[in-house]
Amino acid sequence: MDYQIAYLNVYGNAGVLADEIQTILAGAELVDLNKQEISDDADVYLLVFEITQAAIPLKIMDVLENLEGKTILCCVTCGMALHESKDSIEHNLLPFIPDECDYRGMFFCPGQIPASVTDTVQTALDENPENQRAKIMLEAFQHSMNHPDTEDLRDLRRFIQESGI
């Protein structure tokens, strides 16, 4: 069986997951979607991406259009994982998955929020200590520190093994 790991990195979190998947599936082709397109010759596609502002990236929507008849697994990181749910994100993803494919599910874990975002949030809190959105973001930042971590990678490994691919 031929595997292709296609990842879309924004903050580096998707790259961490993609590298781990490549160690699990030795010989799998790794495709950085910021630099190249997927091929159409794999049997199984593992799409790895980051959610920002609760939106499925357009590039992932485009890739999914071309995967009819293929087996698909999605692996998603989200810095706001403390406030975003896997079910909500998967609900947003499902309309883009072709009907004629073998969708095996979505792995979801926190992703680290970059310090530049935290600086902006802290400035907002300094200006208005009652800013609820900024408080939520700061809490999410604190929760996201050092993710994906070893526990996340262990859970990813289990997800891949239990997928039956």
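The values are calculated or read from the model by the stated rules, or taken from the named source; none is laboratory data. Worth saying up front: this structure is predicted, and the values here are computed from it rather than measured. Every residue, glycine among them, receives a Cβ derived from its backbone with ideal geometry; neighbour counts consider all protein chains shown. Heads up: the accessible areas ignore ligands, DNA and RNA and are worked out on the full protein's heavy atoms, side chains in. Shrake-Rupley method; radii C 1.70, N 1.55, O 1.52, S 1.80 Å.
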Self-check item: Pick from segment 131-164, criterion among the hydrophobic types (A, V, I, L, M, F, W, C) and in contact with a strand residue (DSSP E or B) (Cβ under 7 Å, 6 or more places away or on another chain), ranking: farthest from residue 113 (Cα to Cα)
Solution: 159
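Here are 90, 100: which of them is open to solvent by 20 Å² or more (accessible area, probe 1.4 Å), modelled with pLDDT of 90 or more and part of a loop (DSSP other than H, G, I, E, B)? Walk me through how you get there before you give the answer.
Details: 90 fails: part of a loop (DSSP other than H, G, I, E, B).
Only one candidate qualifies: 100.
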Exercise. For segment 104-165, please list each of the helices (runs of 4 or more DSSP H) lying entirely inside it that holds at least 1 residues being open to solvent by less than 40 Å² (accessible area, probe 1.4 Å), out of contact with any Gly (no Cβ under 8 Å at 6 or more places or on another chain) and among the charged types (D, E, K, R).
Key: 150-163
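Go through segment 36-50 residue by residue and tally those that are open to solvent by 10 Å² or more (accessible area, probe 1.4 Å) and part of a strand (DSSP E or B). Give the steps one after another, and end with the answer.
Initial filter on segment 36-50 (open to solvent by 10 Å² or more (accessible area, probe 1.4 Å)): 36-41, 43.
Still in the list and also part of a strand (DSSP E or B): none.
Count: 0.
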Exercise. Could you please give the count of residues in segment 51-82 that are closer than 27 Å to residue 136 by Cβ, in a strand (DSSP E or B) and either open to solvent by less than 30 Å² (accessible area, probe 1.4 Å) or modelled with pLDDT of 95 or more (or both)?
Key: 6
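Can you tell me which residues in segment 18-35 are closer than 19 Å to residue 61 by Cα, open to solvent by less than 80 Å² (accessible area, probe 1.4 Å) and not acidic (Asp, Glu)? Write out each step before concluding.
To start, the set of residues in segment 18-35 that are closer than 19 Å to residue 61 by Cα comprises 18, 30-35.
Filter once more, so that each one left must be open to solvent by less than 80 Å² (accessible area, probe 1.4 Å): 18, 30-33.
The answer is 18, 30, 31, 33.
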